[in-house]
1. Note down the nm distance, to one decimal, between modelled labels 7 Å out along Cα→Cβ at LEU396 and at TYR177.
2. For segment 100-172 and segment 461-509, what is the centre-to-centre distance using only Cα atoms, to the nearest Å?
3. Between ASN36 and ALA476, what is the label-point separation in nm under the 7 Å Cα-to-beta-carbon projection?
4. Which Cα, out of THR124, GLY274, LEU389, lies furthest along the positive dipole direction of the chain (beta carbon charges, K/R +1, D/E -1)?
5. Can you give me the P(r) profile for the chain? Cα pairs, bins 20 angstrom wide beginning at 0, each as a whole percent.
6. State the extension gain, in nm to one decimal, for the chain segment bounded by LEU117 and ILE404, taking 0.36 nm per residue of separation less the distance between their alpha-carbons.
7. Please order HIS115, HIS320 by the number of other Cβ within 10 Å, starting at the fewest.
8. If contacts are Cα pairs under 8 angstrom and at least 6 residues apart, what is the relative contact order of the chain in percent?
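Please treat every number below as a calculation from the coordinates, not as lab data. Just so it is clear, the model here is predicted, and its values are computed rather than measured. Note that each Cβ is placed from the backbone with ideal geometry, even for glycine, and that neighbours are counted across all protein chains shown.
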Amino acid sequence: MQKPKHKAALQGALFITIASLLSKILSAFYKIPYQNIAGDLGYYIYQQVYPIYAMALAFSTYGFPMVLSTLVAERIARKDEQGARDLSYATFIVLQCMGIICFSVLFLGSSQIAHYLMKDDKLTLLIKMVSVGFLFVPITSVFRGYYQGLGDMGPTSISQVIEQLFRVGTILVLSIYLVINVDNLYVVGAGAVSGSIIGSVAAILFFLYWASFKGSGLTIPSIRSIKKYKAELKVILYQGILLSLSSLVLVFIQFIDSLSFYPLLVHYGYHVEGAKLVKGIYDRGFPLIQLGAVIASSFSLALIPFISSALVRKEHEEIHKRIETSVRVSIVIGSAATVGLISIIHPTNIMLYRNDLGTDVLSVLSISIIFAGLAITAATIAQGLGKSLIPAINVLIGGVVKLIGNILLMEQIGSRGAAYSTVIALAVVALLNLIYLYRLVRVNLFSLKFLMKLAVIIFIMYYGVHFYEMIFERVAGFIQPLRLRMLVEALTSAAIGAIIFALLMLKIKLFKLEELSAVIKSKKLQKWLS
């Protein structure tokens, strides 16, 4: 009886991991068409407030639900179903108070934040709108945490996808309408921000449907019972905030840019409108970094349920094997994505964003992919081992490094300075997280021989793609318009790079069979890859 239960729990965890990956990809992808609709200036406007929304999203989909689900599951295991419901209600009350405080600070202080911190008074409306999202965090957090604690991953997974689909759909449709009918890009930006509100409402309506027709068992007990769960509520707040912070490394970097990039450019003599355009062009790189980092860290996300179950069974050797392989996979995918993107960044920039403005900046930002992937991978594994404080502190350290880097480098080389400071900050976070992970598990995360093999593969791939692009640009001039030609060049170059990389990886035998068995269960795929 225990085995089927354990298998179902792992399947549910994998299901929620896949839904989380899908929602993250949707969250990164929509920014590209949005930039095409609103332009670089409109993109600057939206990106200034996006990190605030992303923080609220992390709290409601990751931090608080994960901690609450653990405590609910413990009570369900003790046959205390009423206690699980009461704890969920108490959590809702505390989180709602916290949400109201966050909403009030942002809404009432929106003009001060826009004027004094972001140096752009016109952002006031957008900050007010994004503040509303914090009022929905408690509802979605508690529903997700409660159902996950019951072992039912369906509501959480479906709600994440619904939230992102409605959000992205609203952003794109409303932006097109407003660009055509309103001559104010700040209003267009406010319309785009409203997509996050629509997405949250859609997720809540889904949960209400689920609770009404499937039966949640949630009731409203006496408010006095909140005192009973004081210790658990402290754990939920503390651990929830730490878990959310440690997963927000890329968002936190963008938040530092929201506060410092544009004000610094203006301070260093840039024209106001010119500085906004430069920020919008610079922000083109983050969807690409986000997508690359999500892919590079995807194996570590899937690893969490396995680590948790292996810890219970005290299978430490198996845990070490899985951790080592996940870090190596992250390095391999991150390296391939980084070098691959650098090699095709010129056609990719034109393909995605209509022109090649900021290509040099995007080349520098591309280096961030490997460090972001490693930082997220190491932090995720540490969380799976029950350690989230140090990764959260490392994110804050990375933010400080980023801010200092912006101040020191942007005066000299403008937006390229901000790109270099992003790379440096993410490298620092990745290094600190890897050092901490090594201290936790004491395993050889990667060897010099492994890195040398990888370097050879990357080197050959880069020059193979470069050679192909030289030939393509000589013979493909007949493909018009330019953007179509760049589309063909970018996609074919990426395909050739992937083929070269895969063939060399197989030839050089970058991974051993036992390493692959730790993260890939298909025997045929293991044999083929090794």
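1. 4.3 nm
2. Each part reduced to its Cα centre gives a spacing of 40 Å.
3. 1.7 nm
4. Checking the options against the dipole of the chain, the answer is LEU389.
5. Values per bin, smallest distances first: 21, 55, 23, 1.
6. 101.7 nm
7. Numbers: HIS115 13, HIS320 17.
By the 10 Å Cβ count, ascending, the order reads HIS115, HIS320.
8. Values: 758 pairs, mean separation 89.9, N = 530.
Relative contact order of the chain: 17 percent.
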